[in-house]
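Asks: My structure is below; once you've seen it, I'll send some questions.
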There are 2 protein chains.
Amino acid sequence: MKIGVVGLGLIGGSFAIHARKHFANAQLLGSDHNKTHQEQALSLGLIDGVLSSEDYNDLELLLLAIPVDAIEQHLTQFLDQIGPKGLIIDFGSTKAAICQQVANHPKRKQFLATHPIAGTEFSGPTAAFESLYFKKTQILCETEKTNPELLLLAKTWFEAMQMELREMDPVEHDRHIAYVSHLSHISSFMLGKTVLEKEKDQSTIFDMAGSGFESTVRLAKSSPDMWTPIFKINKNFVLESLNDYIRNLKIFKAAMERDDFEVLYQEMKQINRIKTILKGITDKNNTYGK
Amino acid sequence: MKIGVVGLGLIGGSFAIHARKHFANAQLLGSDHNKTHQEQALSLGLIDGVLSSEDYNDLELLLLAIPVDAIEQHLTQFLDQIGPKGLIIDFGSTKAAICQQVANHPKRKQFLATHPIAGTEFSGPTAAFESLYFKKTQILCETEKTNPELLLLAKTWFEAMQMELREMDPVEHDRHIAYVSHLSHISSFMLGKTVLEKEKDQSTIFDMAGSGFESTVRLAKSSPDMWTPIFKINKNFVLESLNDYIRNLKIFKAAMERDDFEVLYQEMKQINRIKTILKGITDKNNTYGK
């Protein structure tokens, strides 16, 4: 069995580690436009060789772990080239534009759109690790449009990885993910910007920043190569979430300006119920190896 | 030696653990307006008995670990009551109003204003732990106004705790801390609010939120009892930081609206340099016991 992986970073690399375990005797071929990453993936043993277009006809599985704009740009071409038994799975963080792209492709049945809710702020093949997807949600879109046998192959694999499968409409996916993930990144990047602009002397940040600032600004370390395309492709829902966020900040600010601290107190009390939800997420993430 | 601790939560409780180690044979007396916390602190052995106003005359050290508005309200009265050899230290998160409050008090020399840059999102005496202050910055304000012998007593103790001492003007402290700490809390609370408003079905947050959202929204678990007074007392600087933050969010939004993703890319690249600063903070925090 031949498996191709396009994009050998954190996401593709971590899936490659599992593919090798799950698909006995599979030959893993990979490519990355970053040649250093491609070399690293080879020397780390994530892949056995370099993937080239001549291989596409023989692939049983082609995994796309590249930025969402690159998926949108190349997916049609990958589907054109894949052999009659192959399945292409993408792991992009937005889903509507990608599904739309191939909606009428004659080989639509050989494609499965997914979004694994997993990642760290690190990137590249050296960041890949085995437990990245353990107990993480794997969103599957438009499963009825994928060939049932190929879908079963993919679902069986994801379940073996102990991922938690959830089906979702691609547009609904993009709307929710804008709030729950994309907005966090913007709020964190802009917090980093605001503090860096104000504090020219970095030693002040170093001395005065506690673990709270560190946690809130963590996502400002994320890769612009990954995130610029996400904001571009999910523009409308991201703007909607950003408008809501700015409006809430202005409401908070207005209450402060009129010294209405009782309102702020009650509001923070309400928001505190996020504790329960976060506890669920933490508990879920802490069960690896247990 | 008699030591008093007013406020037996995370901050006061963790200082009490160290006071017992550092000041041999000290008798620790404490009080908290939350009687459950006071009972817990007694049964956990953080304190030996309940502090009452009759004790003030004999205290060599009185630690104030209560919300900043309570410090501002009661500090004069505590100074009035403390015996001639006692030192009062406050650990409040704002410093200008507190220093101003006692600027002309006849016993000003018996007071030291500090801000330990340490905390977690948890509260109460059960949250107190020994390593909370290890390698953490301890800001000292207006040290020239404290009796040198009493100042030495405090500094020797903080150094024994391996805290990193830094002197700072109280107004400058409040300006910097608004950006580096207070703003993070507002950005996190408002992120929590925006997501909770949108996602009525909590299972969607649960399934779709990764570790990124969890990290960014962590401070939204913080106690409104602690944070409302901070926003109130540091109102001007917090509003300044909030204005800067909202302006940056609007600039980001405007670039998205006009499809100027190259500007966003370059901006995120710039902000990525926060990595270096955060690495320093993480390294510092990870050396306990090493």
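The values are calculated or read from the model by the stated rules, or taken from the named source; none is laboratory data. Source: prediction; values computed, not measured. Every residue, glycine among them, receives a Cβ derived from its backbone with ideal geometry; neighbour counts consider all protein chains shown.
Asks: Answer yes or no: is there a residue in the stretch B:14-25 that is among the small types (G, A, S) and at pLDDT below 95. Quick ask: steps written out before the conclusion?
Replies: So in the stretch B:14-25, the residues among the small types (G, A, S) come out as B:14, B:16, B:19, B:24.
Cutting the leftovers down to at pLDDT below 95 gives us B:24.
Scanning the stretch B:14-25, I find at least one residue that is among the small types (G, A, S) and at pLDDT below 95, so the answer is yes.
Asks: Grab the strands (runs of 3 or more DSSP E) fully contained in the stretch A:78-156, keeping just those with 1 or more residues being in contact with a Pro (Cβ under 7 Å, 6 or more places away or on another chain).
Replies: A:111-116, A:137-141
Asks: Right, something else. Select, from B:A113, B:A96, B:A118, the only residue that is farther than 18 Å from B:E159 by Cα, small (G, A, S) and not assigned by TED's automatic domain parsing to the domain that holds B:K235.
Replies: Being farther than 18 Å from B:E159 by Cα, small (G, A, S) and not assigned by TED's automatic domain parsing to the domain that holds B:K235 holds for just one of B:A113, B:A96, B:A118, which is B:A96.
Asks: Okay, moving on. Can you go through B:K275, B:K221 and tell me which one is of a type in the set (K, R), touching a Lys or Arg at 6+ places or on another chain (Cβ under 9 Å), at the interface with chain A (Cβ under 7 Å from one of its Cβ atoms) and closer than 30 Å to A:D259 by Cβ?
Replies: One residue alone meets the criteria, B:K221.
Asks: Out of all the residues in the stretch A:177-200, is one or more more than 8 Å from chain B (Cβ to nearest Cβ), in a helix (DSSP H, G or I) and either surrounded by fewer than 20 Cβ atoms within 10 Å (Cβ to Cβ) or of a type in the set (D, E, K, R) (or both)?
Replies: Within the stretch A:177-200, not a single residue is more than 8 Å from chain B (Cβ to nearest Cβ), in a helix (DSSP H, G or I) and either surrounded by fewer than 20 Cβ atoms within 10 Å (Cβ to Cβ) or of a type in the set (D, E, K, R) (or both).
Asks: Give the residues of the stretch A:229-243 that are in contact (Cβ under 8 Å) with a residue 24 or more places away in the chain and part of a helix (DSSP H, G or I), sorted by residue number.
Replies: Matches in the stretch A:229-243: A:P229, A:I230, A:F231, A:K232, A:I233, A:F237, A:V238, A:E240, A:S241, A:L242.
Asks: So, of the residues in the stretch B:236-256 that are more than 31 Å from the chain's Cα centre (by Cα) and more than 7 Å from chain A (Cβ to nearest Cβ), which turns out to be surrounded by the fewest Cβ atoms within 10 Å (Cβ to Cβ)?
Replies: Checking each candidate, the answer is B:A254.
Asks: Can you confirm whether B:I205 is under 21 Å from A:F261 (Cβ atoms), of a type outside the set (D, E) and within 7 Å of chain A (Cβ to nearest Cβ)?
Replies: no
Asks: I would also like to ask the following. Considering the stretch B:226-235 alone, what residues qualify as being closer than 24 Å to B:V195 by Cα and more than 8 Å from chain A (Cβ to nearest Cβ)? Give the steps one after another, and end with the answer.
Replies: The first filter runs over the stretch B:226-235 and keeps only residues closer than 24 Å to B:V195 by Cα, leaving B:226-228, B:231.
Selection gives B:M226 alone.
Asks: Please work out which one of (1) more than 8 Å from chain A (Cβ to nearest Cβ); (2) modelled with pLDDT of 95 or more; (3) under 30 Å from the mean Cα position of the chain (by Cα) is the condition B:N286 fails and give its number.
Replies: (2)
Asks: Return yes or no: is A:L28 over 26 Å from A:H182 (Cα atoms) and modelled with pLDDT of 95 or more?
Replies: Considered against the rule, which asks whether it is over 26 Å from A:H182 (Cα atoms) and modelled with pLDDT of 95 or more, A:L28 comes out as yes.
Asks: Being assigned by TED's automatic domain parsing to the domain that holds B:F158, free of Cβ contacts under 8 Å to residues at least 24 places away in the same chain and within 20 Å of the chain's Cα centre (by Cα), is that true of even one residue in the stretch B:36-59?
Replies: No, because not a single residue in the stretch B:36-59 is assigned by TED's automatic domain parsing to the domain that holds B:F158, free of Cβ contacts under 8 Å to residues at least 24 places away in the same chain and within 20 Å of the chain's Cα centre (by Cα).
Asks: In the stretch B:66-77, which residues are assigned to a loop (DSSP other than H, G, I, E, B) and either more than 14 Å from every other protein chain (Cβ to nearest Cβ) or more than 17 Å from the chain's Cα centre (by Cα) (or both)?
Replies: B:I66 - this is the single residue of the stretch B:66-77 that is assigned to a loop (DSSP other than H, G, I, E, B) and either more than 14 Å from every other protein chain (Cβ to nearest Cβ) or more than 17 Å from the chain's Cα centre (by Cα) (or both).
Asks: Evaluate the stretch A:161-170: report whether one residue or more is assigned to a helix (DSSP H, G or I) and modelled with pLDDT of 95 or more.
Replies: Yes, because at least one residue in the stretch A:161-170 is assigned to a helix (DSSP H, G or I) and modelled with pLDDT of 95 or more.
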